[in-house]
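First the structure, in the form of structure tokens, and then the observations on it.
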There are 2 protein chains.
Amino acid sequence: MASISSTISSSKVEGTNVYSPSGDKLGSIDDLLIDKHSGRVRYAALEFGGFLGLGSDRYPLPWDQLKYDTSKDGYVVHLSKEQLENAPRYALNDTPTYTDDYGRKVYDHYGSSWWV
Amino acid sequence: MASISSTISSSKVEGTNVYSPSGDKLGSIDDLLIDKHSGRVRYAALEFGGFLGLGSDRYPLPWDQLKYDTSKDGYVVHLSKEQLENAPRYALNDTPTYTDDYGRKVYDHYGSSWWV
């Protein structure tokens with residue numbers, strides 16, 4: 001498969017719907033936060049669509065949590081209700097400072113491997 | 001510096017001006033092409049603003065070619081006129097298939113290290 005294109009446009013990622021494993025629409029990707037040095041996406045910011053009454057907070061997700069599902073034309077994240085309720089989040093007008101400490105907390109929450 | 005935020009929003013990168021080392025505005029970043037597996041930006045697509053009569057073709061640049069210059073509030077790319085004239089490019093309505101072969105050609109052109 002090495003010769004097949006495996007890139008996706010950032011403008012295509014932004015706005016893509018995100019679903020729970022059971023098929024509920026959770027929201028959509030609102031933004032990508034890129035590590036300046038490596039050019040690697042540190043977080044994909046999920047905008048929740050009022051799911052569970054959570055309003056429209058942003059949830060920073062590690063990139064590897066997003067699995068594209070062609071049948072849904074969107075990403076599926078394997079998150080339990082508990083993981084969602086306790087997940088790091090912020091209001092749109094209250095963007096956090098993305099320190100390493102913050103990042104490790106986010107990655108730990110989802111069981112993703114922190115990278116530097 | 002490990003505790004300082006080093007992320008940037010994709011929406012902030014898109015639209016940022018790009019300058020030559022001598023300060024000429026070359027155009028702006030139009031899109032980011034992200035490697036699906038690693039989440040790493042494979043190319044930043046530079047939209048030329050008619051510089052050298054080149055029209056508005058897109059030039060895929062390796063991420064490490066973009067050096068942010070706070071005094072210009074934009075990126076500076078260290079490209080010679082020759083590098084530009086011979087650089088891989090495509091018309092907006094003629095997006096290439098981003099195979100590995102294509103990518104290596106782009107990276108070689110700019111002297112960037114190909115990564116997998």
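A compact table of results
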item	result
Identity of the residue in region A:57-94, of a type in the set (Ser, Thr, Tyr) and over 15 Å from the mean Cα position of the chain (by Cα), that ends up farthest from A:Asp24 (Cα to Cα)	A:Thr70
Number of the exception - A:Ser56 against (1) open to solvent by 10 Å² or more (accessible area, probe 1.4 Å); (2) of a type in the set (Ser, Thr, Tyr); (3) within 14 Å of another protein chain (Cβ to nearest Cβ)	(3)
Residue match in region B:82-101 (condition: in a strand (DSSP E or B), modelled with pLDDT of 90 or more and out of contact with any Ser or Thr (no Cβ under 8 Å at 6 or more places or on another chain))	yes
Residues located in region B:60-81, provided they are part of a helix (DSSP H, G or I) and either touching a Phe, Trp or Tyr at 6+ places or on another chain (Cβ under 6 Å) or within 18 Å of B:Val13 (Cβ to Cβ) (or both)	B:Trp63, B:Asp64, B:Gln65
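Yes/no per residue for (1) away from chain A (no Cβ under 11 Å); (2) farther than 30 Å from A:Val116 by Cβ; (3) without any contact (Cβ under 8 Å) to a residue 40 or more places away in the chain:
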{"position": "B:Val18", "(1), (2), (3)": "yes, no, no"}
{"position": "B:Lys36", "(1), (2), (3)": "no, no, yes"}
{"position": "B:Arg40", "(1), (2), (3)": "no, no, no"}
{"position": "B:Pro62", "(1), (2), (3)": "no, no, no"}
{"position": "B:Leu66", "(1), (2), (3)": "no, no, no"}
{"position": "B:Gly74", "(1), (2), (3)": "yes, no, no"}
{"position": "B:Tyr102", "(1), (2), (3)": "no, no, yes"}
{"position": "B:Gly111", "(1), (2), (3)": "yes, no, yes"}
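The values are calculated or read from the model by the stated rules, or taken from the named source; none is laboratory data. Fair warning: this is a prediction, and the values are worked out from it, not measured in the lab. Here Cβ is always computed from backbone atoms with ideal geometry, including for glycine, and neighbour counts include all displayed protein chains. The protein model used for the area step is the full one, side chains on, heavy atoms only, and it has no ligands, DNA or RNA in it. Shrake-Rupley method; radii C 1.70, N 1.55, O 1.52, S 1.80 Å.
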